[in-house]
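J.: Structure provided below as structure tokens; questions to follow.
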Amino acid sequence: MQRWWKAAIAVLTVLAAGLVTAAPAHAAAWSSSDKFGSWSNGGYTVRNDVWGGGAGPQSIWANSYSNWGVWADHPNTGGVKSYPHSARNIGKPVSAIGTLTSSFNVSRPGSGSYSSTYDIWAGNNAYEIMLWMNKQGAVGPIGSKQTTLSVGGHTWDVYRGSNGANAVFSFLRTSNTNSGSVDIKAVLNWIRSQGWMGDATVGEVQFGFEITSSSGGLNFTSNSYSVTSN
């Protein structure tokens, strides 16, 4: 009887040790399931930003402004549901910016409808410049195609339009990539050269995932992201 009891204790001890080992090493520095949950870190702001109609649940986590991600379960219906992102404010006119570059690295699902994209605001939000680094499923830009162009280190299909509140210039990379760097100042200079925008003050440089659908729940991760400006 005594040997049986000792054996049972030994089995329970092993099981308990296994449970401890299986637990995550640490939790994220910040997380939220609030639609507009936000967190400031290192001069950046990370936002959940579930702004579209008919959205489902979405939760965000972040270890830093650079390393963050979301789990999103948005229905397979049209229209953008959310734009979880990390943002850095610039606050200078284009002409006063010496350099403005950014790099990114993402892990993304092979299903759903979304784009991994920069959203750059200028002229007190009169101008919206989107740089689509990849796209998946039934998504497309606002406006009409203007040209195919190589600028800022990438080749893009360029679209121009309006969402009713501001002008939108969308640069869709001609092939998908999950990592890289982009010379944003060069893109802004090109837009100015077309007469589409004056010497506007650049506000936030945002990068994240513009999600239209992710039915069943999908994970999107920013492995790294940074903006360099002077």
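The values are calculated or read from the model by the stated rules, or taken from the named source; none is laboratory data. Only a predicted model underlies this, so the values are computations on that prediction, with no experimental measurement involved. Glycine gets a Cβ as well: all are built from the backbone with ideal geometry, and neighbour counts include every protein chain shown. Keep in mind that these areas ignore ligands, DNA and RNA; they rest on the heavy atoms of the full protein, side chains included. Shrake-Rupley method; radii C 1.70, N 1.55, O 1.52, S 1.80 Å.
J.: Just to verify a number: FRET efficiency for Ser111 and Thr147, C-beta to C-beta distance, R0 = 41 Å, to 0.05?
T.: The calculated FRET efficiency here is 0.85.
J.: If you don't mind, there's one more thing I want to ask. Out of residues 5 or more away from Asn223 or on other chains, whose amide H comes under 5 Å of its own, with H placed 1.01 Å from N in the peptide plane?
T.: It is Asn105, Val106, Ser107, by chain and number.
J.: Okay, next question. For Ser40 and Thr228 in the same chain, what is the full-extension length gain: residue separation times 0.36 nm, less their Cα-Cα distance, in nm?
T.: 65.9 nm
J.: Send over the semi-axes of segment 54-123's equivalent ellipsoid, whole angstrom and largest first, taken as the square roots of 5 times the C-alpha gyration tensor eigenvalues.
T.: 28, 15, 11
J.: Not counting ligands, DNA or RNA, and with a 1.4 Å probe, what is Ile142's accessible surface area in Å² rounded to the nearest 10?
T.: 70 Å²
J.: Ok, one more. Using the crude model of +1 on Lys and Arg Cβ and -1 on Asp and Glu Cβ, and no other charge, please compute the dipole size for the chain relative to its Cα centre, in debye to 20.
T.: I would put it at about 420 debye.
J.: 222 nm [θ] for the chain, helices only, -39500 (n - 2.57) per DSSP H run of 4+, per residue, to 500?
T.: The helix contribution divided over the chain gives -4500 deg cm²/dmol.
J.: Hey, can you grab everything whose amide H is under 5 Å from the amide H of Lys81? Only 5+ residues off in sequence or another chain; H modelled, so Pro and N-termini drop out.
T.: Ile211, Thr212
J.: Across segment 178-193, in residue order, what do the Karplus-derived ³J(HN,Hα) couplings come to in whole Hz, using 6.51 cos²θ - 1.76 cosθ + 1.60 with θ = phi - 60° and x for Gly and Pro?
T.: 9, 7, x, 9, 9, 8, 5, 4, 5, 5, 4, 4, 5, 4, 4, 5
J.: May I ask for the percentage of alpha-carbon pairs in segment 32-75 that lie more than 13 Å from each other?
T.: 50 percent
J.: With the calculation restricted to Cα positions, what are the radius of gyration and Dmax of segment 100-144 in angstrom?
T.: 12.5, 36
J.: Relative to the first principal axis of the alpha-carbon coordinates of the chain, what is the inclination of helix 2-22, with its axis defined by its Cα atoms, in degrees from 0 to 90 and to the nearest 10?
T.: Once rounded, the angle reads 0 degrees.
J.: When the Cα centres of segment 124-162 and segment 179-230 are compared, how far apart do they sit, in Å?
T.: Computed from Cα coordinates, the inter-centre distance equals 10 Å.
J.: Here's another thing I want to ask about it. Mind grabbing the base-10 log of I(q)/I(0) for segment 146-186 at q = 0.17, 0.32, 0.34, 0.35 Å⁻¹? Debye formula, identical points on the C-alpha positions, no solvent, two decimal places.
T.: Result of the Debye calculation: -0.51, -1.12, -1.17, -1.20.
J.: So, one more: I'd like the Kirkwood hydrodynamic radius of the chain, using the inverse of the mean 1/r over distinct C-alpha pairs, in Å.
T.: In the chain this quantity evaluates to 19.1 Å.
J.: Also: Using a 1.4 angstrom probe on heavy atoms only, work out the carbon and sulfur share of the accessible area of the chain in %.
T.: 51 percent
J.: Okay, moving on. To the nearest 0.05, how large is the calculated FRET efficiency for Thr77 and Ser162 if R₀ is 30 Å and r is the Cβ-Cβ distance?
T.: For Thr77 and Ser162, the calculated efficiency is 0.80.
J.: Can I ask one more? Per residue, how much accessible area does the chain have with a 1.4 Å probe, in Å²?
T.: Averaged over the residues of the chain, the accessible area is 46 Å².
J.: With the Cα gyration tensor of segment 23-152 in hand, give its eigenvalues times 5 under a square root as the equivalent ellipsoid semi-axes, listed largest first in whole angstrom.
T.: Over the Cα atoms of segment 23-152, the ellipsoid semi-axes are 25, 21, 14 Å.
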